[in-house]
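Reading through the structure tokens given below for one structure.
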Amino acid sequence: MSYSQPALREHAALGAVRWVAPVELALDALALINPAAAPVIGGPANDTPVATEVFAFGRLPLAFSARCFTARHFHLSKDQCAFRCIEHPDGLLLDTTEGQPFLALNGIQTQSAAQHCLIADAPALRAAGVTRARLSPTSRDFATVVDLFDRTYNGPADAAEAASALAALSLPGGLVNGYAHRRPGLERMPA
């Protein structure tokens, strides 16, 4: 799909009711596609605005494979793995040669080591027309993550304070939001 307002209008005319922005799309580009002030409206039989969803929290999904990397790590075939991934609920962390966390292998997925987090960007996301936030779970403190996002996106919580509260948790990999600000994805930018 081409990521533009004309492309979204075409998809809406065919019946689309929601679109999910790619994780690497910057907030300023996102705001041009389906802005809050002038959202794309559904097809001829539907006068509801098309919903915009963003991946707002979790390890970035970078690649999928037919091969299970967790099984391969333990020298097991995919069909004889005995679900070894259960032992590593946040995946297997891979470091760079300098010892910095880089990727996480989680079954058939390759993910970022850090948690992509757009909680501090809540005001900009609202202004860009985002109506849905997708949160990907972690093995610990996820109820707190959900609560902070809910209070920030749907309630009165301050986005900067919520971001500080998330940063204080022991979430695996730390927090990043570089892509939202036209920076490398593994950078942490202030909102």
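The values are calculated or read from the model by the stated rules, or taken from the named source; none is laboratory data. These numbers were taken from a predicted model, which means no experiment stands behind them. Here the Cβ positions follow ideal geometry from the backbone for every residue, glycine too, while neighbour counts run over all protein chains shown.
The table that follows gives values for the structure above.
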| read-out | value |
| --- | --- |
| Matching helices (runs of 4 or more DSSP H) fully within region 1-74 where at least 3 residues are closer than 30 Å to SER139 by Cβ | 69-73 |
| Hey, ALA71 crowded, with 19+ Cβ neighbours inside 10 Å, touching a strand residue (DSSP E or B) at 6+ places or on another chain (Cβ under 6 Å) and not assigned by TED's automatic domain parsing to the domain that holds PRO39 or not | no |
| Only listed residue being assigned by TED's automatic domain parsing to the domain that holds ASP147, at pLDDT 95 or above and small (Gly, Ala, Ser), chosen from ALA31, ALA56, ALA38 | ALA56 |
| Options LEU125, LEU148, LEU93, LEU105; residue that is touching a helix residue (DSSP H, G or I) at 6+ places or on another chain (Cβ under 8 Å) and over 30 Å from PRO39 (Cβ atoms) | LEU105 |
| Region 115-164, residues that are closer than 15 Å to GLU53 by Cβ and touching a Gly at 6+ places or on another chain (Cβ under 7 Å) | HIS116, LEU135, SER136 |
| Where a residue in region 64-76 is free of Cβ contacts under 8 Å to residues at least 60 places away in the same chain and its partner, wherever it lies, is charged (D, E, K, R) and part of a helix (DSSP H, G or I), with Cβ under 7 Å and at least six apart | ARG67/LYS78; CYS68/LYS78; THR70/ARG84; ALA71/LYS78; ALA71/ARG84; PHE74/ARG84; LEU76/ARG84 |
| Count of region 78-90 residues which are part of a helix (DSSP H, G or I) and among the aliphatic types (A, V, I, L, M) | 1 |
